[in-house]
Each structure stands twice: as C-alpha cells, then as structure tokens.
Amino acid sequence: MKGDYTMNRFFEKIVNMRKMILILFLICFTASFFMKNMVSVNYDMNDYLPADTHSTVSIEVMTEEFAGGIPNVRIMVKNVTIPEALAYKEKIKQVEGVSEVTWLDDSVSLSTPMEFMDKGLLNTYYVDETALFSAVVDESRSVEVMNDLRAIIGEENALTGSAISTAYATSTTVKEVLYVSIFSVIFTSIVLLFTTTSWIEPVIVLVGLGAAILINGGTNLIFGEISFVTNAAGSILQLAVSLDYSVFLLHRFHECRRETEDVKEAMVQALVKSTSSILSSGLTTVIGFLALVLMQFRIGPDLGLALAKGVVISLVTVFLLMPALILTTYRWIDKTKHRSFMPDFGPFGRLVRKLRIPMVIVFLIVLVPSYLASSANSYYYGSSHILGEKTDYGKDTAAIEEVFGQNDTYVLLVPKGDTSREVSLSQALHEIPEVKNIISFVDNAGAEIPKSYLDEETLALLESDNYSRMVLTIDAFFEGEETFALVEKIRETADEYYPDTFYLAGEGVSTYDLMSTITSDLVKVNLLAILAVFIVLVLTMKNLVLPVILVLGIEVAIWLNLACSYFADASVFYIAYLIISSVQLGATVDYAILMATRYMENREQFDKGDCVVETIRNTAVSILTSGSALTVVGFLMSAFSTNGILAQLGTYIGRGALFSMAIVFFVLPCLLYLFDGLFIKKKKENEKKEVFAQ
C-alpha cells in the first residue's frame with residue numbers, strides 16, 4: 001500500500017509538471033539535433049579489435065616506426081605498357097592521402113628483359129599489359145582518395161582493398177539508413193492506425209518515439225565515435241523495441257478514463273498500473289543489450305551501450321513526455337476517434353487452445369535440431385565479404401581477382417641489426433608456397449650492399465631506427481581456414497628467428513585475430529544474457545518455472561532463426577550471428593512477459609482453458625504492434641543495405657521477430673496451460689489458508 005501511495009504521489013507531480021516537462025524535452029531535442037551531427041562513425045571493423053591483440057599492437061608499432069603503413073588498396077589499370085604503368089604510378093603517388101605505392105619496379109630492375117624475370121613475381125604485378133599497383137592509403141581520407149583514384153584510372157579500370165571498402169560503406173550507408181528510416185516510420189504509422197482508436201494517436205506516439213531516438217543519437221556524443229553497425233541499426237531498433245511501451249500506456253489511459261472523468265487522475269492511474277509491466281519489459285531489454293558489452297570485440301560494447309541507453313531514454317520518455325503529450329492533446333484524441341480496425345482474437349485463441357498438444361510436440365521435436373543447426377553454420381569473420389558481388393566494389397574485386405588472383409599483403413617487422421638472421425628468415429619465408437614476393441633490404445638491396453649506397457627515401461621504407469621491414473605478397477584470400485593456417489605458419493616461422501620480438505600485420509592477420517576474439521565471446525555473452533534476463537524474471541515474477549518457460553521459448557526462436565542459414569547453406573557474418581542472439585532475446589522476450597503476466601491476471605477469473613483464449617485476446621494487438629514493426633524494420637534494413645553485415649543483421653531481426661511471435665502465440669500459451677499448476681497452485685492454496693484463518 002505504501003508503495004502504491006508513493007507511486008501515486010510521484011506520478012501526480014509528473015502530471016502537474018507537464019508544461020515544464022514539454023519545455024525540458026524541447027530543449028533536449030534541439031540540443032540533440034545538433035549534437036547528432038557531431039558524432040563520428042567508424043566503418044573499419046579492425047579498429048574494434050581488443051587493444052592487446054597481436055595485429056593491433058603490430059599496427060601501432062608500424063605506425064610509430066614507419067611513415068608508410070600496410071598496403072590497403074589494389075589498383076588495376078588495363079592496356080598499359082611498362083612506361084605507361086610507371087606514369088600511372090607517379091600520378092597515384094601524387095594523390096593526397098596516398099603515402100606509398102608499390103609496383104614491379106620496387107622488386108626488380110625494369111632494365112631486365114621480361115622473359116628473364118621470375119614469372120611468379122611478374123604475374124603479381126603485370127599480366128597481359130595489365131598493371132596491378134598496391135598503395136597505402138590514409139583510412140580517414142578513404143572517400144576522397146577513392147574519388148581521386150577513380151578520376152585518374154577511369155571507370156574501365158578497378159579499385160579494391162579495405163580502404164576502398166570503407167569508402168564505399170561510408171558513401172552508401174548514410175543514404176541507405178535514411179531510406180530505411182523513412183519507410184520504417186511510414187509502416188509504423190500504418191500499424192499504429194490499425195492498433196489505436198484515434199487518428200491523432202499515431203502522431204503522438206511517433207513524436208514521443210522520435211524525441212527519444214533523436215536524444216539517444218545526440219547523446220552518443222559521449223562515446224565520441226560509434227561503429228557503422230550502431231549508426232545504421234541503433235535508431236531503427238530503438239523504434240521497433242520501444243514502440244509497445246507507448247502503445248501500452250495509451251491503452252491503459254483509455255481503460256482508466258472509463259473509470260473516472262478526471263483526465264489527470266486517469267493518467268496517474270494509467271501510469272501506476274502500467275509501470276510494473278513496462279519497467280520489467282524495459283529492464284529485460286536493457287539487460288539483453290548490455291550483454292553485448294561483455295564482448296572483447298568492441299563493436300559489441302559499442303552497439304550494446306547505445307541500444308541500452310536508447311531503451312532507458314525511451315522509458316524515461318514514456319513516463320515523462322508521453323503523459324504530457326497525451327494530456328495536452330486528449331481533446332484532439334476524443335475528436336478524432338474511430339472504431340477499432342483489429343479483429344477479435346478470441347477465435348484465434350480457441351484455435352491455439354485446441355492445438356495445444358500438437359504445438360508442444362512440434363516445439364519439443366524442433367528444440368534439439370534447431371540448437372544443433374544454429375551452432376553448425378559456416379562463417380565470415382572479417383570485412384572481405386561485406387560488399388557483395390553486385391556492388392561496384394564487388395565487381396571491381398572480381399575483375400582484379402580474375403586477372404591476378406586473390407592476393408593479400410602482410411608486413412613483418414623484426415629487430416634491426418642482424419643482417420644474416422634477416423637473410424635466413426627471408427629464405428624460410430620464401431619456402432612457404434603462398435609467399436610470392438618479399439620486399440625488404442636483404443631481398444632488394446642484398447646483404448652485401450652497404451646501406452649508404454641507398455637513397456634515404458628507399459631506405460626509410462625498409463628500415464627504421466629499431467626495425468627492418470619486410471613486405472610480403474601473399475597468394476591467399478583475406479580469410480578462410482587456409483588463410484588462418486598460413487598466418488599461423490608465418491608467425492611460427494618468424495618466431496623461430498625472432499622469438500616474441502616480431503610484429504606481423506595485414507588484413508588476413510587482423511581477420512585471424514578477429515576470428516580468435518569473437519568466437520571466444522559467443523558462449524560468455526549468450527550465457528550471461530540468458531542468466532541476467534532469467535534473474536530479472538525470477539525477481540519480478542517471484543517464481544522459477546515461468547522464467548524457464550519464457551526464456552526457453554525465446555531461445556528456441558533464436559535457434560530456429562539461426563538454423564535457417566544452416567539449412568540454406570548460407571555463410572554467416574559472425575558478428576551478425578553474435579549480435580542477434582542478444583538483440584532478439586532482449587527485443588522479443590517482452591512478448592513472452594506480456595503473455596505470461598496477462599495469463600496470471602486472467603487466471604483469477606477463468607479456468608486455464610478459457611484463460612488461454614482470454615490471454616491471447618488481450619495481448620494479440622500489443623504483440624502484433626511491436627512484432628510487426630520489428631519484422632518490417634528488419635527486412636527493410638536487409639533490402640536496402642549493400643553492407644553485408646547490416647543486410648544479414650536485418651534479415652535476422654525480421655525473421656527472428658516472426659519466429660518469436662510464432663512461439664509466443666502458438667507454443668507459450670500451451671506451455672502455460674500444461675505447467676499451470678506449478679505457478680498458480682501455490683497462490684490458490686495460500687488464498688484458501690487465508691480464508692480458513694479468517
């Protein structure tokens with residue numbers, strides 16, 4: 001009683017301060033509008049590796065020791081002679097943001113007749129009058145450099161590499177996110193028109209949600225920088241998962257207005273009655289997102305913190321801004337009322353009750369196979385497959401690989417000073433079949449040539465004050481089992497000659513470390529997310545059986561979602577696989593909570609058979625509102641995104657929402673029916689004891 005009194009007093013103050021609240025949110029909204037444009041976006045996945053991984057440390061050391069970095073762009077120019085190729089090389093070197101360009105002349109004297117050159121070396125740089133250059137590009141200027149390079153080589157030639165991938169992603173993602181946002185708002189408006197009973201209510205809900213989303217976007221400035229995943233998916237997911245909070249408050253407000261004519265009192269009672277349900281749903285969603293913070297791969301914490309903050313801001317908006325908006329516009333709500341467009345879900349509830357045994361049997365049959373299939377997918381770990389074959393980047397990459405194969409460049413640093421050991425290491429590396437060429441002092445100048453004979457610019461690329469630099473041309477793709485085995489082989493070889501004192505970097509090397517990092521995250525993140533949500537449900541429901549049923553139901557929906565990729569024989573971006581496990585749990589466990597909460601409320605009046613029907617009738621609209629929004633938002637993100645990770649994450653979000661709704665509508669009521677005695681019986685026995693005592 002004391003808690004209800006305190007809550008009443010609190011919400012009475014909120015209701016009476018609505019003008020001040022509107023002004024406060026207007027100030028926050030305006031400030032966030034400008035702050036949002038100040039948040040920078042990072043499109044390089046490798047930047048989110050833990051700071052202590054070998055490749056990350058190697059890149060830092062290379063940056064400190066050498067002006068040039070790791071080649072991150074490949075440039076193919078067709079129909080050129082060797083003099084023309086050299087002219088192109090000079091033009092490329094003049095582009096602002098290009099610090100180094102490597103071609104055939106850096107490995108062999110061009111005065112040597114081509115027929116006497118090593119064929120493997122020659123085919124690395126020049127094939128059938130087609131030249132392939134490697135360049136080191138400043139990632140922060142990738143878009144400008146890409147445009148400048150394209151202007152030099154023309155549309156008929158090709159560009160690829162991690163810097164070009166970043167440039168394409170930077171250029172296209174903002175436009176794609178805008179399209180997804182526009183269509184998401186349009187669809188959400190249509191959903192709200194069907195699930196509310198006033199023409200003005202969808203506008204009120206969207207204004208409240210829009211304020212929460214913009215404030216969250218603006219306050220991302222506290223992070224300084226966010227990942228492209230957070231930038232693309234954060235606002236859209238916040239819209240989808242927070243929608244039902246506002247709708248639920250509106251429905252409660254209408255119920256309370258039927259009990260009292262005082263609109264302020266009706267709003268206070270609506271807030272009191274809806275607080276428990278909204279907070280429990282919001283808290284489980286926040287915890288599901290916060291589980292991503294436990295990932296070593298820092299895109300997880302980046303997305304998790306932004307989404308968790310977004311849900312908290314949405315909750316604050318629902319309890320502060322929404323009451324102010326509703327009370328300010330309730331007369332318009334009354335004037336624009338219309339009949340409900342949603343059907344009565346009673347017949348559907350009776351169908352579910354009738355099919356309860358077959359549904360549970362099907363659930364039990366798919367449980368184990370779905371788990372096994374979800375864990376047996378084949379994965380992409382790095383960024384090499386992010387832009388598909390149908391994009392301009394994908395077409396350029398395919399064109400280069402058709403002529404020169406799938407090459408990568410690794411850079412190896414070893415302590416300077418022991419030339420004979422460097423020669424031995426170089427010989428050992430040359431014995432590895434995938435190592436096609438090495439540019440280093442001992443390979444190009446020769447151990448017998450005094451360093452004073454070399455010009456300072458050339459020497460600076462090969463040696464620093466502390467390290468000798470070896471640039472390895474690798475005949476391997478950027479990721480895959482063979483590539484990972486090669487990285488291990490090169491590291492083992494370098495370690496034989498320079499134990500624990502060498503540094504190796506390159507896209508394949510970073511992808512290897514990426515694979516090692518994020519695969520170790522999976523079990524930890526999933527288990528802790530499940531455990532945290534389970535504990536919250538136990539504390540709020542004061543029961544052990546219900547949380548098990550709810551979490552198991554949503555987990556099976558997640559397994560079914562991920563199993564689809566296995567049965568479709570489709571490779572999965574591991575980061576999308578890892579993120580969706582927490583996102584789907586956090587975003588859709590609300591449906592299960594709502595279903596279970598209403599079942600227990602209705603059980604006070606109905607037997608368990610009728611309770612199933614009544615519960616589905618009560619919850620169907622709310623679940624369909626949020627679930628359909630999440631489904632469409634996910635599939636829109638999939639349809640519009642050329643970024644493979646975002647497209648696949650969108651597919652998982654949309655498909656996952658469908659599976660979660662299917663489990664919640666068809667299986668969860670049946671499980672509640674079957675296990676009814678384990679969480680209802682105790683309550684009834686206590687009531688009998690109280691009556692007897694009286």
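Would you say Val61 is under 30 Å from the mean Cα position of the chain (by Cα) and surrounded by fewer than 19 Cβ atoms within 10 Å (Cβ to Cβ)? Explain how you work it out, then say what you get.
Numbers: under 30 Å from the mean Cα position of the chain (by Cα): yes; surrounded by fewer than 19 Cβ atoms within 10 Å (Cβ to Cβ): yes.
Yes.
I need the full set of residues from the range 502-529 which are modelled with pLDDT of 85 or more and either open to solvent by 50 Å² or more (accessible area, probe 1.4 Å) or under 18 Å from Ala308 (Cβ atoms) (or both), in order please.
Tyr503, the sole residue that qualifies.
Here is a check on your reading of the model: is Tyr591 part of a helix (DSSP H, G or I), modelled with pLDDT of 90 or more and closer than 23 Å to Tyr371 by Cβ?
Values: part of a helix (DSSP H, G or I): yes; modelled with pLDDT of 90 or more: no; closer than 23 Å to Tyr371 by Cβ: yes.
No: the conditions fail for Tyr591.
Please indicate, with yes or no, whether at least one residue in the range 501-518 is within 15 Å of Leu294 (Cα to Cα) and of a type in the set (A, V, I, L, M). Break it down into steps so the answer makes sense when it comes.
Our first condition is that a residue be within 15 Å of Leu294 (Cα to Cα); within the range 501-518, this holds for 517-518.
Filter again for of a type in the set (A, V, I, L, M), leaving 518.
Yes, the range 501-518 contains at least one residue that is within 15 Å of Leu294 (Cα to Cα) and of a type in the set (A, V, I, L, M).
Would you pick out the residues in the range 144-195 that are buried (at least 19 other Cβ atoms within 10 Å of the Cβ) and on the phi > 0 side of the Ramachandran plot?
Selection gives Gly161 alone.
Out of Val442, Val487, I need the residue that is in a helix (DSSP H, G or I), modelled with pLDDT under 90, β-branched (Val, Ile, Thr) and open to solvent by less than 70 Å² (accessible area, probe 1.4 Å). Which one?
Numbers: Val487 fails: modelled with pLDDT under 90.
Testing whether each residue is in a helix (DSSP H, G or I), modelled with pLDDT under 90, β-branched (Val, Ile, Thr) and open to solvent by less than 70 Å² (accessible area, probe 1.4 Å) leaves just Val442.
Pull out all pairs, ordered by first then second residue, where Cβ-Cβ is under 7 Å, the residues are six or more apart or on different chains, the first lies in the range 28-42 and is over 10 Å from Leu221 (Cβ atoms), and the second is open to solvent by 50 Å² or more (accessible area, probe 1.4 Å).
Asn42/Glu225
So which pairs qualify, if the first residue must be in the range 413-430 and under 10 Å from Thr493 (Cα atoms), the second must be modelled with pLDDT of 90 or more and among the polar types (S, T, N, Q), the Cβ gap must be under 9 Å, and the two must be at least 6 apart or on different chains?
Leu425/Thr493; Ala428/Thr493; Leu429/Thr493
When you scan the range 1-49, how many residues do you find that are surrounded by 13 or more Cβ atoms within 10 Å (Cβ to Cβ) and in a loop (DSSP other than H, G, I, E, B)?
5
Which residues, counting only those in the range 125-143, are in a helix (DSSP H, G or I) and either buried (at least 18 other Cβ atoms within 10 Å of the Cβ) or touching a Ser or Thr at 6+ places or on another chain (Cβ under 6 Å) (or both)?
Of all residues in the range 125-143, those in a helix (DSSP H, G or I) come to 125, 139-143.
Passing the criteria: Tyr125, Glu139, Ser142, Val143.
Being over 21 Å from Asn37 (Cα atoms) and open to solvent by 10 Å² or more (accessible area, probe 1.4 Å) narrows it down to one residue among Val203, Val247; which is it? Write out each step before concluding.
Working: Val247 fails: open to solvent by 10 Å² or more (accessible area, probe 1.4 Å).
When all the criteria are applied, what remains is Val203.
From Phe289, Phe297, which residue is assigned to a loop (DSSP other than H, G, I, E, B) and either open to solvent by less than 20 Å² (accessible area, probe 1.4 Å) or under 27 Å from Met515 (Cα atoms) (or both)? Outline the logic, then answer.
On the way: Phe289 fails: assigned to a loop (DSSP other than H, G, I, E, B).
Criteria check complete, one pass: Phe297.
Between residues in the range 209-235 that are at negative phi and among the acidic types (Asp, Glu) and residues that are buried (at least 22 other Cβ atoms within 10 Å of the Cβ) and assigned to a helix (DSSP H, G or I), which pairs lie under 6 Å by C-beta distance while being six or more apart or on different chains?
Listed pairs, sorted by first residue: none to list.
When both residues are 6+ apart or on different chains and their Cβ atoms are under 6 Å apart, which pairs have a first residue that lies in the range 490-504 and is more than 14 Å from Val435 (Cα to Cα) and in a helix (DSSP H, G or I), and a second that is open to solvent by 20 Å² or more (accessible area, probe 1.4 Å) and at pLDDT below 95?
Tyr497/Arg421
Do we have Asp610 as among the charged types (D, E, K, R), assigned to a helix (DSSP H, G or I) and under 19 Å from Ala291 (Cβ atoms) here? First the steps, then the outcome.
On the way: among the charged types (D, E, K, R): yes; assigned to a helix (DSSP H, G or I): yes; under 19 Å from Ala291 (Cβ atoms): no.
Against the criterion (among the charged types (D, E, K, R), assigned to a helix (DSSP H, G or I) and under 19 Å from Ala291 (Cβ atoms)), Asp610 does not qualify.
Restricting attention to the range 640-680, and to residues there that are touching a residue at least 40 places away in the same chain (Cβ under 8 Å), assigned to a helix (DSSP H, G or I) and of a type in the set (Val, Ile, Thr), which single residue is nearest to Val583 (Cα to Cα)?
Here the answer is Ile653.
Run down Ala563, Ala592, Ala639 and say which single residue is within 30 Å of Gly382 (Cα to Cα) and open to solvent by less than 40 Å² (accessible area, probe 1.4 Å). Give the steps one after another, and end with the answer.
Details: Ala592 fails: within 30 Å of Gly382 (Cα to Cα); Ala639 fails: open to solvent by less than 40 Å² (accessible area, probe 1.4 Å).
That would be Ala563, the only listed residue that is within 30 Å of Gly382 (Cα to Cα) and open to solvent by less than 40 Å² (accessible area, probe 1.4 Å).
Could you check the range 639-671 and list, in sequence order, the residues that are closer than 24 Å to Ile299 by Cβ and of a type in the set (Val, Ile, Thr)?
Thr642, Ile645, Thr651, Ile653, listed by residue number.
It is to be established whether one or more residues within the range 84-106 are within 30 Å of Glu492 (Cβ to Cβ), open to solvent by 70 Å² or more (accessible area, probe 1.4 Å) and among the basic types (Lys, Arg).
So far as the range 84-106 goes, no, none of its residues is within 30 Å of Glu492 (Cβ to Cβ), open to solvent by 70 Å² or more (accessible area, probe 1.4 Å) and among the basic types (Lys, Arg).
Of everything in the range 97-111, what is assigned to a loop (DSSP other than H, G, I, E, B) and free of Cβ contacts under 8 Å to residues at least 24 places away in the same chain? Give them in sequence order. Before the answer, list the steps.
Restricting attention to the range 97-111, the residues satisfying the condition of being assigned to a loop (DSSP other than H, G, I, E, B) are 97, 103, 107-111.
Scanning the range 97-111 gives Val108, Ser109, Ser111.
The values are calculated or read from the model by the stated rules, or taken from the named source; none is laboratory data. Just so it is clear, the model here is predicted, and its values are computed rather than measured. Using ideal geometry, Cβ is built from the backbone for each residue, glycine included, and neighbour counts are taken over all protein chains shown. Ligands, DNA and RNA are stripped out before the accessible areas are found, and what is left, the full protein with its side chains, is counted by its heavy atoms. Shrake-Rupley method; radii C 1.70, N 1.55, O 1.52, S 1.80 Å.
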